[in-house]
Amino acid sequence: MLKIATIGVYGFDADSYLQRLQQAGVRLVLDVRQRRGVRGPDYAWANSLRLQAALAEAGIAYEHHRELAPTTELRHLQYAEDDRRGVGKRSRQELAAEYTRRYTSEILDPADLDPIVARLPGDGTAALFCVERDAAACHRSLVARRLAEQHHVSIEHLGPL
């Protein structure tokens, strides 16, 4: 059975992130961020070029799948719901219902996941990567669920140990 993990940035440093990927047998990171940067010095390691270099050194392949990233408009819709609930991006525990509905209809439904599934490593795991710590608070959980439902991949959400 093919395996997909999900992983975020928050809660990791560069070493613990790579260690967690290696523990899970990740061979391919699928970056589903729109903008491949993270603000602040604590997460500079996750900016695209630094991350790609670290992954390459660890023997982990990298692909950017911008077509699975939420649009700026969708991100702002989620931020407005976060503001309404009084939660920050780093403390969010779930996605807004309207965000989930629109992400699914505008991004996920038109996406062709077959080429991604065809590249999943048979001898390891691929990881959907974004920034939120908790998968349920990130669109990567929606992509993972779709892959499980339509392509029968097993899902594991990776967090800091």
Given labels modelled 7 Å from the Cα in the Cβ direction, how far is it in nm from Ser91 to Arg66?
3.4 nm
Give me the net charge of Asp123's neighbourhood, meaning all other residues with Cβ under 15 Å from the Cβ of Asp123; Lys, Arg count +1, Asp, Glu -1.
+3
Restricting segment 84-138 to trypsin sites (Lys or Arg not before Pro) in coil, as DSSP defines it, with at most 10 other Cβ within 10 Å:
none
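For the chain, what number results from the quotient of the Cα radius of gyration and 2.2 N^0.38 Å? Mind showing how you got there, number by number?
Values: Rg = 14.9 Å, N = 161, 2.2 N^0.38 = 15.2 Å.
Rg over 2.2 N^0.38 Å, computed on Cα atoms: 0.98.
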Long-range amide H partners of Glu156 with built H, under 5 Å
Ile4, Ala5, Thr6
Tell me, Asp82, Asp13 in order of fewest to most beta-carbon neighbours within 10 Å?
Asp13, Asp82
Residue (of Leu77, Leu158, Ala56) at the positive-pole extreme of the chain, dipole from beta-carbon charges:
Leu77
Which residues qualify? For Thr125, with a placed amide H closer than 5 Å and at least 5 residues away or on another chain, they are Val26, Arg27, Leu28
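Every number here is computed from the coordinates shown, using simple stated rules; none is lab data. This structure is a prediction, so every number in the text was calculated from the model and none was measured. Every residue, glycine as well, gets a Cβ built from its backbone with ideal geometry; the counts of neighbours run over all protein chains shown.
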